[in-house]
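The values are calculated or read from the model by the stated rules, or taken from the named source; none is laboratory data. Predicted, not measured: the structure shown is a model, and the values here were computed from it. Here the Cβ positions follow ideal geometry from the backbone for every residue, glycine too, while neighbour counts run over all protein chains shown. Only protein heavy atoms, including side chains, enter the accessible area calculation; ligands, DNA and RNA are left aside. Shrake-Rupley method; radii C 1.70, N 1.55, O 1.52, S 1.80 Å.
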Amino acid sequence: MIDNHLTRLESALAQVRGQTPLLLRWGRRLAETLQAGGRLLACGNGGSAAQAQHLTAELVGRYQGERRPFSALSLHTDASAVTAIVNDYGAEELYARQVRAHGRPGDILLALSTSGTSRNVICAVHTAARAGLHTWALTGPAPNPLAAACQESLSVDAPATATVQEVHLAVVHLLCAVVDERVLSPHRVVVRA
């Protein structure tokens, strides 16, 4: 059982290695947006909500290096707003209404879903696109509706939800590392062979 789990994880992480240019592009864009006063909005359900919250915590707090705090909101964390929105407008509007409230043109919405079919997350992406936000998705196997709805996506082709979520956490940390590198060493030129 443990060996199978680790083998699935190794295989999924190897796929992400092939997505390095995308991760670098996202991390650099995120750093530029945050440094210019923009914000990151993040949303997901269940384990994906936990990953969204992990990312925003690293950006508001810190990942590894000391830097100023950045504006990053995980859209499921305000229990009063969440329950009021779901009660008054329905679950599908949960994140979309908050995107309309907090998102500004040029901001970034990172939408996470292991299935890629979460209706409230997809609705948030459509709302964000109409409002001029950049839309990125972290999903499980593609094709899926969330990946198709976003401007860019990183889909983890793994059969187990746990593996997808573990890889999403690694991606969260990789994004934070790129942001930190960009913010803390903005003029450093990295030459790779």
Charge dipole magnitude, Cβ of K and R +1, D and E -1 - region 76-193, Cα centre, debye nearest 20: 320 debye
Dividing the Cα convex hull volume of region 5-83 by residue count, how many Å³ per residue is that? 119 Å³
Between Leu169 and Arg67, 0.36 nm times their residue separation minus their Cα-Cα distance comes to what? 34.6 nm
Carbon/sulfur fraction of accessible area - the chain, other protein chains in place, 1.4 Å, %: 53 percent
Out of Gly132, Gly18, Gly47, a Gaussian network model of the chain with alpha-carbon springs under 10 Å gives the largest mean-square fluctuation to Gly18
Using only the heavy atoms of the protein chains and a 1.4 Å probe, how would Leu174, Leu22 rank by accessible area, largest first? Leu174, Leu22
Compactness of region 40-143, expressed as Rg and Dmax over alpha-carbon positions, Å: 13.3, 42
If we count trypsin sites (Lys or Arg not before Pro) as exposed when they sit in a DSSP loop and have at most 14 other beta carbons within 10 Å, what is the longest stretch of the chain that avoids them all? 1-187
Surface per residue (accessible, 1.4 Å probe) for the chain, Å²: 49 Å²
Which GluC sites (Glu not before Pro) in region 47-99 pass both tests, a DSSP loop state and at most 13 other beta-carbon atoms within 10 Å? Glu66
Using 0.36 nm per residue of separation minus the Cα-Cα distance, give me the extension gain between His126 and Val60 in nm, one decimal. 21.2 nm
Apply the membrane-span-like helix rule to the chain: whole DSSP H runs, Cα extent along the own long axis of at least 30 Å, mean Kyte-Doolittle hydropathy at least 0.5. List the helices found. 161-184
Multiply the residue separation of Gln19 and Ile2 by 0.36 nm, subtract the distance between their alpha-carbon atoms, and state the gained length in nm to one decimal. 3.5 nm
Rg and Dmax of the chain over Cα atoms: what are they, in angstrom? 16.3, 56
